[in-house]
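The next block holds one structure in the form of structure tokens; read it before the comments.
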Amino acid sequence: MRPYKIMNESLGKHYLEDSVASLRAYKKLAEKALDQLNEDEFFIMLDEEANSIAVIMKHMAGNMFSRWTDFLTSDGEKPDRNRDMEFVIEPKTSKDDVLAYWEKGWQRVFDALEPLSAEDLGKKVLIRGEEHTVIQAINRQLMHYANHIGQIVFLAKHFRSAEWKSLSIPRNRSADFNAYLAEKPGVADKEKQLETVVDFAKQAKSERGQ
């Protein structure tokens, strides 16, 4: 086997593994924010043009079902998708309903991504009739989900205010975090990186309370 082919396969495998790890880390970040909310806060809209956290989650899951069902063989915008209804929450919808739909959407993502191989990355897929390589399609969704998860975290932090359990490095503690991280070498796993930040934030908050 030619060296460049081995390198391409290795890079392709690494890209796919990193994409899945990134998506799992984003999901975990969102869920650590969601865990801090009471049920009513899932459905609060800050103004008439704003989306509630429940709406963002419903929209993301609807997108996931559309984009990742038959990922390699059908257009990512499915004819039976009703995108407008993703921004409507029915009156009887509960927090558990939203979480269950969210979970099913993410499962569709991982069911589509995890079987892919490096050879699939150059294949072409369609989204609304527009050609994308598999890499472009994955990157498109990574960007989309990261944007919405940032919105979820922002809203959750707003609702919790002073009670918020930080999911990022606290203000004015970057140097302390770097020192803390130096004691924990080799943390490359994205989910473990998030746990490390959360653990440090808890420690920093505890120190402030002493």
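The values are calculated or read from the model by the stated rules, or taken from the named source; none is laboratory data. Just so we're clear, the structure is a prediction, and the values are computed from it rather than from any experiment. As a convention, Cβ positions derive from the backbone with ideal geometry for all residues, glycine included, and neighbour counts pool all protein chains shown.
Considering 131, 86, which residue is loosely packed, with under 12 Cβ neighbours inside 10 Å, of a type outside the set (Val, Ile, Thr) and either over 30 Å from residue 13 (Cβ atoms) or more than 15 Å from the chain's Cα centre (by Cα) (or both)?
Exactly one residue qualifies, and that residue is 131.
Just to be sure I understand, how many residues within the stretch 137-171 are of a type in the set (Ser, Thr, Tyr), over 13 Å from the mean Cα position of the chain (by Cα) and surrounded by 15 or more Cβ atoms within 10 Å (Cβ to Cβ)?
So the answer is 1.
Given the criteria over 21 Å from residue 57 (Cα atoms) and at pLDDT below 95, does residue 181 qualify?
In short, yes.
Do we find that residue 104 is more than 17 Å from residue 146 (Cα to Cα), crowded, with 17+ Cβ neighbours inside 10 Å and among the basic types (Lys, Arg) in this structure?
No: the conditions fail for residue 104.
Could you list all residues from the stretch 117-138 that are in contact with a helix residue (DSSP H, G or I) (Cβ under 8 Å, 6 or more places away or on another chain) and in a loop (DSSP other than H, G, I, E, B)?
The answer is 117, 121, 122, 123.
Of all residues in the stretch 139-181, which are part of a helix (DSSP H, G or I) and of a type in the set (Gly, Ala, Ser)?
146, 150, 156, 161, 162, 174, 175, 179
Filter the stretch 93-116 down to residues that are outside any helix (DSSP H, G or I) and either at pLDDT below 95 or under 21 Å from the mean Cα position of the chain (by Cα) (or both) and give me whichever is nearest to residue 29 (Cα to Cα).
Among residues in the stretch 93-116 that are outside any helix (DSSP H, G or I) and either at pLDDT below 95 or under 21 Å from the mean Cα position of the chain (by Cα) (or both), the one nearest to residue 29 (Cα to Cα) is 114.
Kindly provide the set of residues from the stretch 1-55 that are of a type in the set (S, T, N, Q), at pLDDT 95 or above and surrounded by 11 or more Cβ atoms within 10 Å (Cβ to Cβ), ordered by number.
Passing the criteria: 19, 22, 36, 51, 52.
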